[in-house]
Structures are given as C-alpha cells and as structure tokens.
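Contents: one structure, followed by commentary.
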Amino acid sequence: MTSPSPRQNVMRPEKDHFLAAENPFEEMMSRFDDAAKRLNLEPGLYKILRMPEKQIIVSIPVQRENGEVEVYTGYRVIYNTSRGPAKGGIRFDMRVTLDEVKALAAWMTWKCAVVNLPFGGSKGGVICDPASMSNSEVERLTRRYTSAIIETLGPDSDVPAPDVNTNERVMAWVMDTYSMHKRHTVTAVVTGKPVEMGGSLGRREATGRGCMFVTREALRKLKMPLKGARVAVQGFGNVGSVAADLMSKEGMTVIAVSDKSGGVYNPTGLDLADIFKHVRGGKLLNSYGNAQQISNEDLLTLDCEVLVPAALENVITIDNAASIKARIICEGANGPTTAAADKILDRNGVFVIPDILANAGGVTVSYFEWVQDRGGYFWDEETVNNRLERIMVRSFEEVTTMAEKHGVDNRIGAYMLAIDRVAAVHRLRGMYA
Ligand code: NAD
C-alpha cells in the first residue's frame, strides 16, 4: 500500500493456474476424489461436496487519488455451510481468479472439519495490486467490496479473515463497514482483527504454534527424541519464524531458516535470537553473516529430522522428493507438496503432517476469536494456547488413526476425516427440497 500508480493495476497477468499440471488447488481436488472414493461416498453426496453452495461476483468502483474511477472485480465463494457459518480469508492480488477462490473455499471447508470446528468454508478475493494503491484507495476498495457482499457476511453466515495482502487493518475496515450497515457494532463478523477491537490474544502466533504442537506429537509417535531434533524451516515470515522460535524453545535444534533472499545454516544450531535481531532491523537473511549461507533448494534436502516448508506452494516435487532426508515434514505453508511427490515421500517413509492439519492452528484461534466476540468475554493468552494445544493434539491423533485404519498416508487420512465429518452432517440434516 504505497503511493498510487493509477494504471498499473488495470493490467492483469495471464493466469490459468487452476488447471496447471502442478497446481495446488487442482492437486487438492484430486486428493478429495481419492478420499471420497475410499469412503465410498454416495454419488449424490459426492456431487454436492464437489460444488460450492454460492458464488458471488461483484464489480467494485473505486475513485483513485488522481480522480479517475477504476472498477475492480471481486469474488466471494461460500463452499459449504453444513457444519456452521462459512469461514475464509479475503485476498487482494492480481492473480485472483474465481476458480482459485472456489478451490480455496473448498480447502477451508476441509481444514475446519479436520480440526472439528463448527464452521464451513469460504474464500474471497479482489483482483487488484494493493502495492500500487494508496492506503485510502485500499480502504475505499475494502469498504465497497464489503458492502457489495454484505448479504453473505455475518457472524452466523460468513466470517472473513486476512489472507494474501490483507491484514488486521483491512479486517478493521470490513468490521466497521458491516457494523455501520447493521447500525450496531458486530465484532464477530471478521477474525484476525486488532486485539483492541475484539481480536484474540495468541492469534498472531497460532499457526506456528500449531506447527510446533503437531511436530512434537509426530516425534513422540515415531519415538524420536525431541531434544536436539534438527529442524530446517523454509520461510521466516509469520508461520516459519514463530514455528522455529517455539520449536527451539521446546528443545529442538533449528539448523536452517530461509526467506525469499535465501537461507542460513549451522549444522550445530542457529542463534535464533541473533537472527531475529537481524530481521527486525528490516534486513533479509542473505545479509546475515553469523552462519553459512544456503539456497532455498538446498535447505529442503538438508540432513535433519524435521523439515518445515512455511513459505510457498509446490516446493516439494518429483524433482526433489527423493532427496529429502527429513523423517518428518510439517507443512506450515498451504500446498507445499505435489501429489506426485507425496507418493515418493510415502515410499521413502517420510512422515508428512499435511497442511490441512499442520497449519490449522490459525483458523482454530480465529474460531476462539469468534467465540470470545460472541460471548463478550476475553481469555488470557495461556487459556488460548492451552485450548489450541488440546485441539491440535486431538486432531493429530484423529488424522493418524484414520490413516492407519485405512492404510493411507496422513494427507488422505486428513481428507477422509474431513469429508466424513461434512458428509455425516449432510446425512443427518437431509436434503431440503
Ligand atoms: P509471510 O508473508 O509472513 O511469510 C512468508 C515467508 O516466505 C517470508 O519469510 C518470505 O520471505 C518467504 N518467501 C517468499 N518467497 C519465497 C521463496 N521464493 N523462497 C523461500 N521463501 C520465500 O506469510 P505467512 O503468513 O508466514 O504464510 C506462509 C505460508 O503459510 C503461506 O502458504 C500461507 O498460506 C500459509 N498459512 C499461513 C497462515 C497464517 O496464519 N499466517 C495460516 C495458514 C497457512
């Protein structure tokens, strides 16, 4: 959100990645099909669960700083609400497409069901480039988008959260716009808000903390010592930096971390406090001098016990899966492993904690935020963290039990658990005709 450059955001890069060969969303639907088949899902239910309930397309006129009017396209997709209100982020990005939003909304449906939250799934997006817009333009865009989709929003129907290029500032505008229309303050309409206006303590750290909990459970399950377990983390943003920090506080040894500029490595353990000092000053890791430099590609194949991909999708592919030496992969990022790579990892005995479980700590504390807003009673951080731990540990147990029972990998186990839960509610509710 910098100074305006009016014409920059009317152009749109070519994008058809929903159908691309190694596309994370297409990959996700292929895993859905696999899990649905193994569950012997009734054909009618299969048809219902493969389609979103509602797709909204809106045009959003915004006056730019130079006086010109630009019209942006926005989407909101409600995938499934059988288990409760839809839950899903809003992204502002030039690469947004309706197909992508649909797939991400499906993803949220399964993720909420894996950790057994009383939510369905949704997602929203606006095709725009916020980096080329002023703050006021982003605010006007946010407010007009919110009012355009206002019928779907609400604590009981559809609850957004931050996603790519949106943040707690944007959520505050969504909440304010919604509240102005309703003529009273409705904090529970969004999560990921600033704590001062109904956000939850512990939300910022929740995804990385969840990664730590499930990694700890995986080490325990595989009877591997936690103390000194060597961890490599790709991505040193919200998820990766918190996961690295908390894993190290648990006694694991973080040997490598990276950001978009590259990585740093020390086989006997990095000085994380020193690295945090470096990045807090706004510097990237390629200028950090107190450890060996390493590329993002090499980080993935380091000799270690735990690998945490926490940056991008599709980084573990058929090209490098066979070279991965980690015994455990904890998927902090969404979609870091391709379906073809999964097979190689499975063959090599790598224990994958799949994204829809590993990074579900974020949506779990979003759920806590919604509960706190609705109750008007706020929990201390210890309560938030303890309840998050309980949910992550239980969900890890349920996913691995499902996987073992059906002789599948943990990812298919997680999808089976999720689809089974959503399908069970559909059967109980029956079909309104
Ligand atoms: P972030 O923007 O805070 O951090 C991303 C990190 O990845 C940064 O350190 C960045 O430098 C690094 N990065 C970018 N390009 C890279 C590249 N080419 N190679 C290596 N590193 C690169 O984002 P985040 O919130 O930490 O999210 C990371 C991933 O986790 C995303 O896939 C996101 O969808 C997923 N996720 C995040 C949350 C959450 O609560 N933040 C919840 C669930 C899933």
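When each of 353, 344 is tested for being farther than 21 Å from residue 90 by Cβ and touching a Cys at 6+ places or on another chain (Cβ under 7 Å), the lone residue that passes is 353. The residues of region 247-281 that are within 12 Å of the ligand (Cβ to nearest atom), under 24 Å from the mean Cα position of the chain (by Cα) and not in a strand (DSSP E or B), listed by number, are 260, 261, 279. In region 134-159, of all residues being surrounded by 19 or more Cβ atoms within 10 Å (Cβ to Cβ) and touching a Lys or Arg at 6+ places or on another chain (Cβ under 8 Å), the one that is farthest from residue 369 (Cα to Cα) corresponds to 137. Selection of region 105-119 for residues being touching a Phe, Trp or Tyr at 6+ places or on another chain (Cβ under 6 Å) and under 17 Å from residue 387 (Cα atoms) yields 112, 117. Note on region 343-407: no enclosed helices (runs of 4 or more DSSP H) hold 2 or more residues that are at pLDDT below 95, more than 18 Å from residue 420 (Cα to Cα) and more than 16 Å from the ligand (Cβ to nearest atom). May I ask you to list the residues in region 282-292 that are within 15 Å of the ligand (Cβ to nearest atom) and surrounded by 19 or more Cβ atoms within 10 Å (Cβ to Cβ)? 285, 288, listed by residue number.
Selection of region 132-176 for residues being within 16 Å of the ligand (Cβ to nearest atom), modelled with pLDDT of 95 or more and either of a type in the set (A, V, I, L, M) or farther than 20 Å from residue 101 by Cα (or both) yields 159, 161, 168, 169, 170, 171.
Quick one: is residue 41 surrounded by 13 or more Cβ atoms within 10 Å (Cβ to Cβ), at pLDDT 95 or above and in a helix (DSSP H, G or I)?
When the stated conditions are applied, residue 41 does not pass them.
Within region 77-86, not a single residue is in contact with a Phe, Trp or Tyr (Cβ under 6 Å, 6 or more places away or on another chain) and not in a loop (DSSP other than H, G, I, E, B).
Taking the residues in region 380-433 that are among the hydroxyl-bearing types (Ser, Thr, Tyr) and either in contact with a Ser or Thr (Cβ under 8 Å, 6 or more places away or on another chain) or in contact (Cβ under 8 Å) with a residue 24 or more places away in the chain (or both) as candidates, determine which candidate is farthest from residue 221 (Cα to Cα). Step by step, filter region 380-433, then rank; the result is 415. Checked against (1) under 19 Å from residue 423 (Cβ atoms); (2) in a strand (DSSP E or B); (3) among the aliphatic types (A, V, I, L, M), residue 90 passes all but a single condition, namely (1).
Looking across region 177-197, just one residue is away from the ligand (no atom under 16 Å from the Cβ) and closer than 21 Å to residue 391 by Cβ, and that is 188. Here is the figure for region 218-236: residues that are touching a residue at least 24 places away in the same chain (Cβ under 8 Å), out of contact with any Lys or Arg (no Cβ under 9 Å at 6 or more places or on another chain) and surrounded by fewer than 19 Cβ atoms within 10 Å (Cβ to Cβ) total 3.
The values are calculated or read from the model by the stated rules, or taken from the named source; none is laboratory data. Model, not experiment: these values are computed from the prediction. Here Cβ is always computed from backbone atoms with ideal geometry, including for glycine, and neighbour counts include all displayed protein chains.
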